[in-house]
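To start, the structure under review is shown below, and the notes come after it.
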Amino acid sequence: QVQLVESGGRLVQAGGSLRLSCAASGHTFNTYAAGWFRQAPEKEREFVAGINWSDTTTYYADSVKGRFTISRDIDKNTVYLHMNSLKPEDTAVYYCNVRQAPITTMTRYETGYWGRGTQVTVSS
């Protein structure tokens, strides 16, 4: 049973930085892609960033390109989202996702395993 536990979300001022972590357990993830999604109040969940577990190919939503960086640590089975230059519109619950599908599918449909989310609030 795959389990994903996110952490690192908190209140931060606009322009600040955060690092989110997603600790994965219960499987070997060499053939998986991992990613981050977010859901703001009264909005649908949207893709933020994705990474291939095996070769670290990455994929980003246009809204976060140049500000966010996704990475993973194989030894720790952990995926990170480094967020810089945060804006109030980045406020959302951030969810971790792993799937046995290409990272490009993350903008097309929801599948795989999900964490419970971590709240990021950016004040203006």
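For the range 29-38, a residue qualifies if it is open to solvent by less than 70 Å² (accessible area, probe 1.4 Å) and out of contact with any helix residue (DSSP H, G or I) (no Cβ under 6 Å at 6 or more places or on another chain), and the qualifying residues are F29, Y32, A34, W36, F37, R38. Pairs meeting the criteria (first residue in the range 74-103 and assigned to a strand (DSSP E or B), second residue among the polar types (S, T, N, Q) and buried (at least 19 other Cβ atoms within 10 Å of the Cβ), beta carbons under 8 Å, at least 6 apart or on different chains) are V93/T118; Y94/T118. When the range 80-124 is filtered for residues that are at pLDDT 95 or above, over 18 Å from Q1 (Cα atoms) and among the hydrophobic types (A, V, I, L, M, F, W, C), the ones remaining, listed by number, are L81, M83, L86, A92, V93, V120, V122. The set of residues from the range 39-64 being among the basic types (K, R) and exposed (fewer than 14 other Cβ atoms within 10 Å of the Cβ) comprises just one member, K43. In the range 104-124, the qualifying residues are those that are among the hydrophobic types (A, V, I, L, M, F, W, C) and assigned to a strand (DSSP E or B), and the one that is most open to solvent (accessible area, probe 1.4 Å) is W114.
Of the residues making up the range 22-48, those that are aliphatic (A, V, I, L, M) and either in contact with a Leu (Cβ under 6 Å, 6 or more places away or on another chain) or more than 18 Å from P102 (Cβ to Cβ) (or both) are A23, A24, A40.
Based on what the data block shows, is L81 under 14 Å from T118 (Cα atoms), of a type in the set (A, V, I, L, M, F, W, C), open to solvent by less than 80 Å² (accessible area, probe 1.4 Å) and under 10 Å from the mean Cα position of the chain (by Cα)? When the stated conditions are applied, L81 passes them.
The values are calculated or read from the model by the stated rules, or taken from the named source; none is laboratory data. Note that the structure is a prediction, hence the values are computed from the model and not measured. All Cβ positions, even for glycine, are placed from backbone atoms using ideal geometry, and neighbour counts span all protein chains on display. Remember, those area values only see protein heavy atoms, side chains included, never the ligands or the DNA or RNA. Shrake-Rupley method; radii C 1.70, N 1.55, O 1.52, S 1.80 Å.
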